[in-house]
Amino acid sequence: MHNSAKRIIKQYHDNQDIYRSLKHDIDDIFTRIIETNHFRISNMAIRIKTEDALMKKITYKNKYQDIQEITDVVACRIITLFENDVDRIYECVKDNFEVIEYNDKRKKNYDDRIDFGYNSLHLLIKFNDERCQLIEYSAYKDIIFELQIRTTLQHSWAEIEHGLGYKSQYEIPKDIRRRLTRLSASLELLDEEFVQIAKEVDEYNKGIVHIEKVLKTDINVNSLIQYVNTSPRINGILERLHSEFQFKFERDSELISQSRLIQRFHYMGYTYINELDDFVENHMKEIEWLSRERVENFKDNQLINIYNVLVWISLVMLANEGSADPEDIFTRESIEHLQNLKKELVKEGGLSN
């Protein structure tokens, strides 16, 4: 081992505490950036280069004299869901770090290329002087680290391309290279299309804010959430339950998927929110009675998920139709029990038949 390599390895071991601390602080800062700006990411990973990997790089490059010349001892990769977030994250990076090197591999010539997986943004960055004035960051003053930002599709392609075993595109037979080029172009188009779809979904969700708009919408997760949030009838049921039982509300919309409510409503013949609302209007007494009966079972739990009201509505639908639950969440016995209770209340004059 050359003297320079020995020196670098010694520096590497001496700096381990700093590297671990740097890794922790990078994770903390980027997590806050992502959460504050609502970036939609698939994954973020930060690693410290292993000694074996470092030794291989030193040996292969045969040019390094000091550990500070190696800029990827610590490296971070952020994988976004959508391509437009790559640039948005970069803007935040510029505001929080000093950018030493900017390498946008998305700007390459598209002719005869298959390196879509590496079609990402590569940065060398360091903590800026302002941050390094703080005692907790002062040890990072001279440490440059690598940041790579790419989309989920770009990352998946890179993993597949790596798995093919070719070190360079020039090793690949021409016919295979041509097919890979077409595939990479398709993934580019998919990334662009996902960005557009995400924008349209966001606009759709922003548009569903008033009950009049909600009623004209087909039944889906977002429209059911907005229906519960904006319907005077639903809110009336919840307010009366709150007054009677004094529980607190929580809003966990995962219940809609977990209870497969969309499939259940469709099975019962309800595909639009206005159809669901008509049913609620015509069966308010049954729904309110069932909701009280259910809430009484939660007396020890002072927290009630407001989306349970959709489950109660679906139960009343099943009882009225005399149907079995298409999603097998509620047994035939529980539906029959509900029907029998309803008959008893009808006899007592509590409900209209």
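The values are calculated or read from the model by the stated rules, or taken from the named source; none is laboratory data. Just so it is clear, the model here is predicted, and its values are computed rather than measured. For neighbour counting, all protein chains shown are included, and Cβ atoms are generated from backbone atoms with ideal geometry for every residue, glycine included. We work out accessible area using only protein heavy atoms, side chains counted, and drop any ligands, DNA or RNA first. Shrake-Rupley method; radii C 1.70, N 1.55, O 1.52, S 1.80 Å.
At-a-glance table
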{"quantity": "Residue in region 294-314 that is surrounded by fewer than 20 Cβ atoms within 10 Å (Cβ to Cβ), modelled with pLDDT of 80 or more, among the β-branched types (Val, Ile, Thr) and within 18 Å of Phe247 (Cα to Cα) present", "calculated": "yes"}
{"quantity": "Set Ile70, Ile89: member being surrounded by 12 or more Cβ atoms within 10 Å (Cβ to Cβ) and either hydroxyl-bearing (Ser, Thr, Tyr) or in contact with a strand residue (DSSP E or B) (Cβ under 8 Å, 6 or more places away or on another chain) (or both)", "calculated": "Ile89"}
{"quantity": "Odd one out for His24, checked against (1) surrounded by 12 or more Cβ atoms within 10 Å (Cβ to Cβ); (2) free of Cβ contacts under 8 Å to residues at least 24 places away in the same chain", "calculated": "(1)"}
{"quantity": "Subset of region 213-250 [part of a loop (DSSP other than H, G, I, E, B), open to solvent by 10 Å² or more (accessible area, probe 1.4 Å) and at pLDDT 90 or above]", "calculated": "Asn220"}
{"quantity": "Test: residue in region 275-285 that is assigned to a helix (DSSP H, G or I), open to solvent by 70 Å² or more (accessible area, probe 1.4 Å) and farther than 21 Å from Thr217 by Cα", "calculated": "yes"}
{"quantity": "Selected residue [at pLDDT 95 or above, among the basic types (Lys, Arg) and in contact with a strand residue (DSSP E or B) (Cβ under 6 Å, 6 or more places away or on another chain)] from Lys49, Lys23", "calculated": "Lys23"}
{"quantity": "Ser291 vs. criteria touching a Ser or Thr at 6+ places or on another chain (Cβ under 9 Å), open to solvent by less than 20 Å² (accessible area, probe 1.4 Å) and hydroxyl-bearing (Ser, Thr, Tyr)", "calculated": "no"}
{"quantity": "Residue check, Ala319 of a type in the set (Gly, Ala, Ser), outside any helix (DSSP H, G or I) and at pLDDT below 90", "calculated": "no"}
{"quantity": "Unmet requirement for Arg260, which otherwise passes all of (1) free of Cβ contacts under 8 Å to residues at least 60 places away in the same chain; (2) within 23 Å of Lys216 (Cα to Cα); (3) basic (Lys, Arg)", "calculated": "(1)"}
{"quantity": "Whichever residue in region 34-59 is of a type in the set (Val, Ile, Thr) and crowded, with 17+ Cβ neighbours inside 10 Å and, among such residues, is nearest to Asp191 (Cα to Cα)", "calculated": "Ile41"}
{"quantity": "Leu147 vs. criteria in contact with a Cys (Cβ under 8 Å, 6 or more places away or on another chain), modelled with pLDDT of 80 or more, among the aliphatic types (A, V, I, L, M) and open to solvent by less than 80 Å² (accessible area, probe 1.4 Å)", "calculated": "yes"}
{"quantity": "Near pairs, Cβ below 7 angstrom, 6+ apart or cross-chain, from region 1-15 (within 14 Å of Ile70 (Cβ to Cβ)) to any residue that is exposed (fewer than 15 other Cβ atoms within 10 Å of the Cβ)", "calculated": "Ser4/Gln65; Ile8/Asp66; Ile9/Glu51; Tyr12/Glu51"}
